[in-house]
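Presented below is the structure to which this report refers.
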Amino acid sequence: MINPYMEIAIQEARKAAEEGEIPVGAVIVKDRLIISRTHNLREAMGSATAHAEILAIEEACKILGRWRLDDCDLYVTLEPCPMCAGAIINARLRRLYFGAADPKAGAVGSVVDLLRMRAFNHTPEIYEGIMESQCEKLLTDFFKPLR
C-alpha cells in the first residue's frame, strides 16, 4: 500500500543518493501538512549528526517555534539509529513510521529497541515496514556498486 508521506520520504532518499549520501529521507507531518522534509547530509555537512531524522526534527522545531513535537508524526525510510531514536524521544514525536529495518544499527527493534522501553519519559506509537520493499531497494541499489 502506498503511503503519500512515505512516498515523499522516498523522494528525499533519492535526492540523498544523487548527492552521494546514504539514501535516507524523512518527513514530519502535523495535521496532515508536511512541516519538514529532508534527507541525509552527513557528507555535505561534514557532520556525524546530519541524519535525515535529526535534520527534519530541527527544521520542524524551528518552523513551529517549539521543541515539543507531540502533535507531529515522523516518516523515515530506514529504521532510526540510537542517536535518532533519542531525538525522537526528546522531541516527543507522537508517531514513528519507518520503511526498511536496519539490522546493523537499528534502534527500534533490530539491534536494540529504545523507543519501546518504558524507562524513558516518552514512547511514540511505532509503525514499521511502511513501503518496505521500496525503501530497501533504495539502499540495495546505492550500496551494490560500492561492494
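The values are calculated or read from the model by the stated rules, or taken from the named source; none is laboratory data. The structure presented is a predicted model; accordingly, all values stated were derived computationally and were not measured. For neighbour counting, all protein chains shown are included, and Cβ atoms are generated from backbone atoms with ideal geometry for every residue, glycine included. Heads up: the accessible areas ignore ligands, DNA and RNA and are worked out on the full protein's heavy atoms, side chains in. Shrake-Rupley method; radii C 1.70, N 1.55, O 1.52, S 1.80 Å.
Across region 121-147, what is the total count of residues that are touching a residue at least 12 places away in the same chain (Cβ under 8 Å) and not in a loop (DSSP other than H, G, I, E, B)?
12
Checking Cys72 against (1) touching a residue at least 40 places away in the same chain (Cβ under 8 Å); (2) open to solvent by 40 Å² or more (accessible area, probe 1.4 Å); (3) not β-branched (Val, Ile, Thr): exactly one of these is not met. Which one?
In the conditions (1) touching a residue at least 40 places away in the same chain (Cβ under 8 Å); (2) open to solvent by 40 Å² or more (accessible area, probe 1.4 Å); (3) not β-branched (Val, Ile, Thr), Cys72 misses (2) alone.
Taking only pairs six or more apart or across chains, which ones have beta-carbon atoms under 8 Å, a first residue in region 31-43 that is within 10 Å of Cys72 (Cα to Cα) and open to solvent by less than 80 Å² (accessible area, probe 1.4 Å), and a second residue that is of a type in the set (Phe, Trp, Tyr) and assigned to a helix (DSSP H, G or I)?
Here the result reads Ile34/Tyr5, each pair linking region 31-43 to a residue that is of a type in the set (Phe, Trp, Tyr) and assigned to a helix (DSSP H, G or I).
Would you mind stating whether Phe143 is touching a helix residue (DSSP H, G or I) at 6+ places or on another chain (Cβ under 6 Å), surrounded by fewer than 22 Cβ atoms within 10 Å (Cβ to Cβ) and either farther than 18 Å from Thr38 by Cα or not aromatic (Phe, Trp, Tyr) (or both)?
For Phe143, the condition - touching a helix residue (DSSP H, G or I) at 6+ places or on another chain (Cβ under 6 Å), surrounded by fewer than 22 Cβ atoms within 10 Å (Cβ to Cβ) and either farther than 18 Å from Thr38 by Cα or not aromatic (Phe, Trp, Tyr) (or both) - is not met.
Can you tell me how many residues in region 71-84 are in a loop (DSSP other than H, G, I, E, B) and touching a strand residue (DSSP E or B) at 6+ places or on another chain (Cβ under 7 Å)?
Selection size over region 71-84: 3.
Any idea how many residues of region 13-30 are open to solvent by 10 Å² or more (accessible area, probe 1.4 Å) and assigned to a helix (DSSP H, G or I)?
4
Going by the conditions given, is Ala87 in contact with a Cys (Cβ under 8 Å, 6 or more places away or on another chain), among the hydrophobic types (A, V, I, L, M, F, W, C) and in a helix (DSSP H, G or I)?
Criteria not met by Ala87.
Collect the residues in region 90-100 that are in a helix (DSSP H, G or I) and open to solvent by less than 10 Å² (accessible area, probe 1.4 Å), keeping them in residue-number order.
Listed by number, the list holds a single entry, Ala91.
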